[in-house]
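Heads up: the structure comes next, in structure tokens.
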Amino acid sequence: MSEEPVLRRVAARFPSLAAELAATLAQDGDEEVRILLACHHPLAPAHLLLDVFVTRPAHRPHLLTLPVFPRTGWAQLIGHPDPDVRALAAADPTLAEAPVEDPDESVCRAAATNPSLTPEALDTLLADSRTAEGAAANLSLPVPRMHALLDRCLNDTAT
């Protein structure tokens, strides 16, 4: 509640800060306070984590490790200019259609991991070198197809 942003920044770094105070700091007018809260407080709201992910690339690796980081609800970011943001959005299982034709390979690879893809779509993606790795890691890949891929890999290694 202090007028001093430095004190609010210190408070935002304290992971045991009460939930109501964390909620207040999540609305703080000082961007640094919000960033510190997102990176340090387990009750930082999902919208704040998403905002920091989008606007502060340096914090992305850390934010992705947080258990409360949102894994869905990214559809509005599928057209974002930053391919890292689009790649995360492409893996959102709530998307109506995964953007497997994005100009950036990392986005295509991430889209291929989207569990909402059909087995037929996965077969197509497995045949494309840009998306094969993502499609092979897809959680909805049918078990018989997965075994066939493994058998092929093992046979290719043996020969």
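What's the long-distance tail for segment 75-158, i.e. % of Cα pairs beyond 17 Å? If you can, show how the numbers build up before the last one.
Numbers: 1514 of 3486 pairs.
Tail of P(r) above 17 Å: 43 percent of Cα pairs.
Which one of TRP74, ALA127, LEU50 is farthest out on the positive end of the charge dipole of segment 20-159, using unit charges on Cβ (Lys, Arg +1; Asp, Glu -1) and the Cα centre as origin?
ALA127
Going by average Cβ density within 10 Å per residue, which order do the peptides 60-68, 21-29 take, highest to lowest?
Numbers: 60-68: 11.8, 21-29: 16.7.
Output ranking for 60-68, 21-29: 21-29, 60-68.
Using the Karplus equation 6.51 cos²θ - 1.76 cosθ + 1.60 (θ = phi - 60°), what ³J(HN,Hα) coupling, rounded to whole Hz, does each residue of segment 18-32 give in order, writing x for Gly and Pro?
Calculated HN-Hα couplings, in order: 4, 4, 5, 6, 4, 5, 5, 5, 5, 9, 4, x, 8, 4, 4 Hz.
What is the projected area of the convex hull of the Cα atoms of segment 58-103, averaged over all directions, in nm²? Numbers along the way, then the final one.
Working: hull surface 14.2 nm².
Answer in nm², one decimal: 3.6.
What is the dipole size for segment 5-63, taken about its Cα centre, with +1 at each Lys and Arg Cβ and -1 at each Asp and Glu Cβ, in debye to the nearest 20?
In debye, rounded to 20, segment 5-63 gives about 180.
Determine the distance separating the Cα centre of segment 1-34 from the Cα centre of segment 82-159; give it in Å without decimals.
One Cα centre to the other: 41 Å.
Mind checking the dipole of the chain: about its Cα centre, +1 per Lys or Arg Cβ, -1 per Asp or Glu Cβ, Debye to the nearest 20?
Working: 12 positive and 22 negative charges, 87 e Å.
It works out to roughly 420 debye.
What number comes out for the charge environment of PRO57, summing +1 per Lys or Arg and -1 per Asp or Glu over other residues with Cβ under 14 Å away?
Details: positive: ARG56, ARG60, ARG86; negative: ASP51, ASP82, ASP84.
Combined, the nearby Lys, Arg, Asp and Glu give 0.
Projected area of the chain, taken from the Cα convex hull and averaged over every viewing direction, in nm²?
Working: hull surface 46.4 nm².
Convex hull of Cα atoms, orientation-averaged projection: 11.6 nm².
Work out, in µm²/s and without decimals, the Stokes-Einstein translational diffusion coefficient of segment 5-63 at 10 °C, 1.306 mPa s, Rh from Kirkwood over C-alpha pairs.
Reported coefficient: 144 µm²/s.
Quick one: Karplus J couplings for segment 81-91, per residue in order, coefficients 6.51, -1.76, 1.60, θ = phi - 60°, nearest Hz, x for Gly and Pro?
3J(HN,Hα) across segment 81-91, in whole Hz: x, 7, x, 5, 5, 4, 5, 5, 5, 5, 8.
Read-outs: derived from the displayed coordinates by stated rules, not from any lab. Since the structure is predicted, the reported quantities are computational estimates derived from the model, not experimental observations. Glycine gets a Cβ as well: all are built from the backbone with ideal geometry, and neighbour counts include every protein chain shown.
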